[in-house]
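These notes are about the structure you will find just below.
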Amino acid sequence: MRFLFVDRLTALDPGRSIETLKNVSATEDVFDDHFPGYPILPGALVVETFEQATQLLIGVSHDFARVGRLSGVHRAAFRQFVRPGDQLRVRCVRTTTAEGVWTVSATAEVDGRRVASAVLELTLVEAVDEEKAHAERLREILRVLSAVPVTAPGS
C-alpha cells in the first residue's frame, strides 16, 4: 500500500464493521492534476479508501492470516465533490456471510452529508507469499492507528 487513505480508526466491530477518517489535505499529490484551480478528490480514490478500510476489517477479523482481493465494485455513486479541507468519514459494513467472499456496503460522509457509496466484493485468500507482506503492512497500520483509542460499538 503506497498511499494510505485511512488517517484514524474510529470504530471497529471485527467481522462486521469499521469506521475510519481520512483528512483530505491540499498538499496531496493528486491535487496537482485533479484539477488545477479546482481540486477534487477522484472518485477512484474514494473507492480506494473504502477498500483500505475493508482490508483492515478483514485483517483484524482473521488475525491477519487472510487478506481480501477486490473482485468487484457495484453501485458506486458519487453525490458531492470531496475537496481539500474535508474530513471523509467512512463506514464499511459486511453484508454477507458466505465463506471466502465478503460483500461490504461502504459509505462516505463529509459534515454529515453522504458524498459517496458503493458495494465492494472481496475474495478472501490465505496470507502467504506476497499476501503475507500485505497482511504485515495492514497489521502495522492497525498498530499505528490503534494508538488513538477506538470507540467500541454501543459506547
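Any read-out appearing in this document is the output of simple, stated calculations on the displayed coordinates, not a laboratory observation. Note that the coordinates shown come from a computational prediction; the quantities given were computed from them, not determined experimentally. Ideal geometry is used to build each Cβ from the backbone, glycine not excepted, and the neighbour counts take in all protein chains shown.
The chymotrypsin sites (Phe, Trp or Tyr not before Pro) found in the stretch 58-155 that occupy coil by DSSP, while having at most 15 further C-beta atoms within 10 Å, are PHE81. Estimated purely from DSSP H runs of n ≥ 4, each contributing -39500 (n - 2.57), the mean residue ellipticity at 222 nm for the chain is -7500 deg cm²/dmol once divided by its residues. Restricting attention to the chain, close to 95% of DSSP beta bridges with both partner residues there are antiparallel. Each Lys and Arg Cβ is given +1 and each Asp and Glu Cβ -1; about its Cα centre, the stretch 8-145 then shows a dipole of about 560 debye. Proximity of backbone amide H atoms, modeled 1.01 Å from N, is registered between ARG8 and LEU21 at under 5 Å, excluding neighbours fewer than 5 places apart on the same chain.
Residues of the stretch 122-141 with the amide nitrogen closer than 19 Å to a label point 7 Å from the Cα of ARG69, along Cα-to-Cβ, please. From the stretch 122-141, the list is 122-138. Of the options (i) 144; (ii) 116; (iii) 103, only one is volume of the Cα convex hull per residue in Å³ as computed from these coordinates, and that is (ii).
Other residues whose C-beta falls under 13 angstrom from the C-beta of THR10 contribute a net charge of 0, scoring Lys and Arg +1 and Asp and Glu -1.
Taking a point 7 Å out from the Cα of ALA147 in the direction of its Cβ, the residues of the stretch 8-33 whose backbone N falls within less than 13 Å of it are 8-9. Here the peptides 134-143, 39-48 are ranked by packing, the mean other Cβ count within 10 Å, and the order with the highest first is 39-48, 134-143.
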